[in-house]
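To keep things clear, I will list the structure first and then write my remarks on it.
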Amino acid sequence: MLEQCLKFHHRDFTLTRHDATRINAVFQSLLDGGKVTKDPVRERLFLTSRIMERLNTALLTDAIVNGTRSWDGTISDCLSLALQAALAARAGDIKRSGRYTGSEYIQWQDVEMLALGANAQSPGLKMVVAMRYRKNHK
């Protein structure tokens with residue numbers, strides 16, 4: 001399996017018969033020792049503020065280094081990720097999914113924002129979002 005994956009990603013990759021045997025022996029010993037299993041594993045990861053920071057930093061860094069067609073679009077993507085995390089929503093709950101032509105997305109009329117801070121030094125923002133098109137029970 002490992003050899004097939006490496007050949008797929010690196011065209012010129014080859015293993016000698018000896019190397020392939022050694023790799024198989026190592027994997028077999030890991031299987032026997034319970035260090036590696038054939039069972040699929042998928043850990044749940046919650047979208048924390050730290051992950052959001054890393055995602056948005058990567059989006060903005062890529063735009064700075066490689067350029068962007070529109071800063072409006074780049075910033076909109078960052079805000080969309082933050083809204084998605086805050087609402088525990090799917091991307092399709094927030095933005096119009098492909099092949100949809102109607103209004104199956106959050107519109108400005110669905111968002112109410114209130115500034116709670118006394119001034120710019122103590123900002124505060126409260127937002128109420130009506131999610132009219134959602135999947136499952138949110």
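Taking the range 117-134, which residues are touching a Gly at 6+ places or on another chain (Cβ under 7 Å) and surrounded by 10 or more Cβ atoms within 10 Å (Cβ to Cβ)? Answer for the range 117-134, where residues must be touching a Gly at 6+ places or on another chain (Cβ under 7 Å) and surrounded by 10 or more Cβ atoms within 10 Å (Cβ to Cβ): GLY117, PRO123.
Contact annotation: residue pairs with Cβ atoms under 9 Å, 6 or more positions apart or on different chains, pairing a residue in the range 15-30 that is free of Cβ contacts under 8 Å to residues at least 60 places away in the same chain with a partner that is assigned to a helix (DSSP H, G or I) and β-branched (Val, Ile, Thr), are LEU15/ILE23.
Read the figures in this text as sums done on the coordinates, not as results from a lab. Everything quoted here is computed from the prediction, not taken from an experiment. FYI the Cβ positions are ideal-geometry reconstructions off the backbone, even for glycines, and counts take in every protein chain you see.
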